[in-house]
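Student: Structure incoming, see below.
The values are calculated or read from the model by the stated rules, or taken from the named source; none is laboratory data. Note that this is a predicted model, so its numbers are computed, not measured. Glycine also receives a Cβ, built like all others from the backbone with ideal geometry; neighbour counts cover every protein chain displayed. For the accessible areas, the whole protein counts, side chains as well, though only heavy atoms, and no ligand, DNA or RNA atoms are used. Shrake-Rupley method; radii C 1.70, N 1.55, O 1.52, S 1.80 Å.
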Amino acid sequence: MARPRGFDEESVLDNAMNIFWSKGFESTSVQDLVEETGLNRASMYASFGDKKALFLRVLDHYSQKISSERFANLREIEDGREAIEKTFRDTAKTGCAEGKHKGCLIVNSGMELAPHDPETAAIAHQAFRRVEDMFAAALSRGIKHGTISKDKNIRALARFLAGSIQGVQLMSRRGADRETLEDYTNTILEVLN
């Protein structure tokens, strides 16, 4: 009979996510993970496998939790233009909040690992495609509501917006100030006119 786990898996994944998000995959040591999660090495390896396996679980957890929250407006606000504008403005606002200069874990990981790690590259590609699809759906709703011009190329514009939101997140990661992020966001949103 297997013993029940003596820890909350979501809490462990949250803590591991925070350290990977702050330091990146390569700079995070197993000791960092042990200290951050409160698990001993044996429990961590038995429950999650090696550092890479835990990292891949964390990326999935991040996608389910943080990305879902970050892009909720794209799914929930009926007027697509309003949804897109709110998503960008919230991302810029959060990105320059004190202590929040972490950007996006998937974008950061894609930049760090995708060139030489096919698993991370695939996860980053899938995440980008999901965001692109959410922008496309919001654009379609905006056209339907008459707040976005009918002559826009939805797929091309969705790709541009998905790449641009990554740009906001990367600028946040490097510590861009509020004015810079707002200027960048306002310029991006001009494409909706």
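Student: Looking at the range 119-147, I want the residues that are more than 17 Å from Q64 (Cβ to Cβ) and have a partner that is open to solvent by 20 Å² or more (accessible area, probe 1.4 Å) and small (G, A, S) with Cβ atoms under 6 Å, at least 6 apart or on another chain. Which pairs are those?
Tutor: Listed pairs, sorted by first residue: A121/A114.
Student: Now, a different point. Scanning for something out of contact with any Pro (no Cβ under 6 Å at 6 or more places or on another chain), open to solvent by 30 Å² or more (accessible area, probe 1.4 Å), closer than 26 Å to I66 by Cβ and acidic (D, E), does the range 162-179 turn up at least one residue?
Tutor: Taking every residue of the range 162-179 in turn, at least one turns out to be out of contact with any Pro (no Cβ under 6 Å at 6 or more places or on another chain), open to solvent by 30 Å² or more (accessible area, probe 1.4 Å), closer than 26 Å to I66 by Cβ and acidic (D, E).
Student: Taking the condition of being open to solvent by 20 Å² or more (accessible area, probe 1.4 Å), farther than 20 Å from F25 by Cα, not aliphatic (A, V, I, L, M) and not in a helix (DSSP H, G or I), how many residues in the range 45-98 meet it?
Tutor: 4
Student: With respect to the numbered conditions (1) at pLDDT 90 or above; (2) surrounded by 15 or more Cβ atoms within 10 Å (Cβ to Cβ), which one is the sole condition not fulfilled by E26?
Tutor: Among (1) at pLDDT 90 or above; (2) surrounded by 15 or more Cβ atoms within 10 Å (Cβ to Cβ), E26 violates only (2).
Student: Sticking with this structure for a sec: Across the range 29-39, what is the number of residues that are more than 14 Å from D8 (Cα to Cα) and open to solvent by 40 Å² or more (accessible area, probe 1.4 Å)?
Tutor: Residues in the range 29-39 being more than 14 Å from D8 (Cα to Cα) and open to solvent by 40 Å² or more (accessible area, probe 1.4 Å): 3 in total.
Student: Here's a follow-up. Just for the range 180-192: of the residues that are of a type outside the set (V, I, T) and open to solvent by 50 Å² or more (accessible area, probe 1.4 Å), which one is farthest from G95 (Cα to Cα)?
Tutor: E190
Student: Then there is this: Test of understanding: among R129, R141, R155, which residue is of a type in the set (K, R) and surrounded by 18 or more Cβ atoms within 10 Å (Cβ to Cβ)?
Tutor: After ruling out the rest, the residue left standing is R141.
Student: Here is a further query. Can you tell me which residue among A72, A97, A83 is small (G, A, S) and farther than 18 Å from V131 by Cβ?
Tutor: Residue meeting the stated conditions: A97.
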